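Scroll down for the structure; my scribbles are underneath it.
The values are calculated or read from the model by the stated rules, or taken from the named source; none is laboratory data. Keep in mind the model is a prediction, meaning the values are calculated, not measured. Neighbour counts run over all protein chains shown; Cβ positions are idealised from the backbone, glycine included. Just so you know, the surface numbers come from the protein's heavy atoms only, side chains and all, with ligands and any DNA or RNA stripped out. Shrake-Rupley method; radii C 1.70, N 1.55, O 1.52, S 1.80 Å.
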Amino acid sequence: MEINELTAAEARVWQAFRTGEPVDFREAGGDNAADGADWGPERSVRAPVLRTLLLSTQQQDGEIPRLRLSGARITGHLNLMYAIVDHPLHLRYCHFDESPDFYGTRLRQLNLRGSVLPAVNLASTRIDGPLRMTDCRVRGPVRLAGAEIAGALFMDGAELTTSDPSVPVLQLHQAVLGDGFAAPGLRVRGEMLLTGATVGGSIALDGAELSNPGGHVLRAQSIEVRADVRARTLRTQGAIDLRGSRIAGCLDFTRARLSNPGGMALRASSCTIGELWLYRCEPIEGRLHLRRSRIEVLGFESEVAPGEVLFNNLTYTTLTPHEPAERRLPLLERDGDGYVPYAYEQLAAAYRHVGDEGAARRVQLAKLRRHRTTLPWLGRLWGHLQDLTVGYGFRPLRAAVWLLSLLAAGSIAYAVHHPRPLKASEAPEFNPLFYTLDLLLPVISFGQEGAFAPEGGYQYLSYVLILTGWILATTVIAGVSRSVTRQ
């Protein structure tokens, strides 16, 4: 393209490029790039002109070329597929009539801050610095699959929408970000796809609004984040799927609102996470799925949990804030897998970790009671007896109370009505206390039971005492054995 074919606006851009001088077509009061379709030729630049400028201009000694264009209307198709662009590229607050294509391009730096685009293809792109899309408005897919960005990706305040809900609006799968992904205040209408991405820093979604009712707002299976994922005050309408991910730092949903009624609100199964925070959130609408994950610090308040959870094989070291066991146990009863023994053991271990043995015992007692509901009738009956008498070994004083009560009742009854001796000449002096002990204790003998024979109702009382004694002895032995096994 010859220089004399350029318009006045294009000539201005061409001349400024060699020295990196900025060209700003915006009016003094500022304007909105969304209205760029109405901008005239005085601030329009053809895409082929930019392509020629970026790929054909030779660098002169002592000059550092750089395209710094603001407030322009880019007409035509900016096609830089597989190109190598050695100059920083700034197209700020511009309006693109057509979707630019950077597929497979090698760039030094790309800044699209505040621009409006129909879509943009940056798949398999390599960028030696950051990619800035702050405050961008994109009405179609942003394709970044397989991209390698040495710096950070900035999408703070951006708005991404699509007319085709079957196509993810932000495609970052298999991308590699050398630094972080900063997108506080991001607004997305559609699906964000980050599966297999690697982020060298943090992901920031504080205050973001993600909406895709009935579908996924974020699919990020098997991602690796070497710092934190911050999503404070996040608002979602759709599912978040993080299964198989590795997050070295904190996954922070403080004061977030996660909503996907009738579906999965948050799935973080088979993950390895440093800390997971669900503090001061609105109650989650939808299922919370944390199966098989390993979390060092699990922080959430009981009222945040949804109606259904999936905690099977979830492992955590610390559970915070510290709440009474009575507040945590109803959550385990809402597990979608039914009775999950491991979930109870894990909760008990978390209480022991902070030295709350009383809460740990209450959790294990609740586990045995829940297990009882899964047994056949005979097992349930035996379980009720153990629970009533010694609390499955966690309430050993109950056995002493039962024993003393029966001992007192029997002693009084037989003190009022002595049983007759079997052999009057050989029988020892009758003692109602030790006679009752002989009936209650199945192993110890004081010589009273075999020497006297009660009659009538007192004989039936002796049967009750003998049977009760055997039940108490058996349940005490079972409880002590269980306690020794726990130790």
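Quick notes on this one:
- Dipole moment magnitude, nearest 20 debye, the chain about Cα centre, only Lys, Arg, Asp, Glu C-beta charged: 980
- Under the span-like rule (Cα at least 27 Å along the axis, Kyte-Doolittle mean at least 1.6), DSSP H helices of the chain: 397-416
- Accessible carbon and sulfur surface of the chain relative to its total accessible area, %, 1.4 Å: 53
- Radius 12 Å from Cβ of Leu153, net charge of other residues (Lys, Arg +1; Asp, Glu -1): -2
- Rounded accessible area of Ile412 (nearest 10 Å², 1.4 Å probe): 110
- Mean accessible surface per residue for the chain, computed with a 1.4 Å probe while every protein chain stays in place, in Å²: 45
- Rh (Kirkwood; distinct C-alpha pairs) - the range 214-341, Å: 14.4
- When the Cα positions of Leu194, Asn212, Ala227 are compared along the charge dipole of the range 134-227, Asn212 comes out farthest toward the positive end, with charges on each C-beta of Lys, Arg, Asp and Glu.
- Options Val464, Ala325, Cys250, ranked by Cα towards positive dipole end of the chain, top entry (Cβ charges): Val464
- Each of (1) 24.9, 83; (2) 21.2, 70; (3) 37.2, 140 is a candidate for Rg and Dmax of the Cα atoms in Å; the one calculated from this structure is (3).
- Gain on full extension, evaluated as 0.36 nm per residue between Asp38 and Tyr463 minus their Cα-Cα distance, stands at 142.9 nm.
- Taking every protein chain into account, the 1.4 Å probe leaves Arg12 with about 120 Å² of accessible area, to the nearest ten.
- At R0 = 60 Å, FRET efficiency that the Cβ-Cβ distance of His77 and Val443 yields, to 0.05: 0.05
- Considering only Tyr351, Val340, Asn313, the residue lying farthest towards the positive end of the dipole of the range 296-353 is Tyr351, judged by Cα position with unit charges set on Cβ.
- Put the Cα centre of the range 89-130 next to the Cα centre of the range 401-419 and the gap is 92 Å.
- Rounded, prolate or oblate (a/c below 1.5 giving rounded, otherwise prolate when a/b exceeds b/c) for the range 135-271 by Cα gyration tensor: rounded
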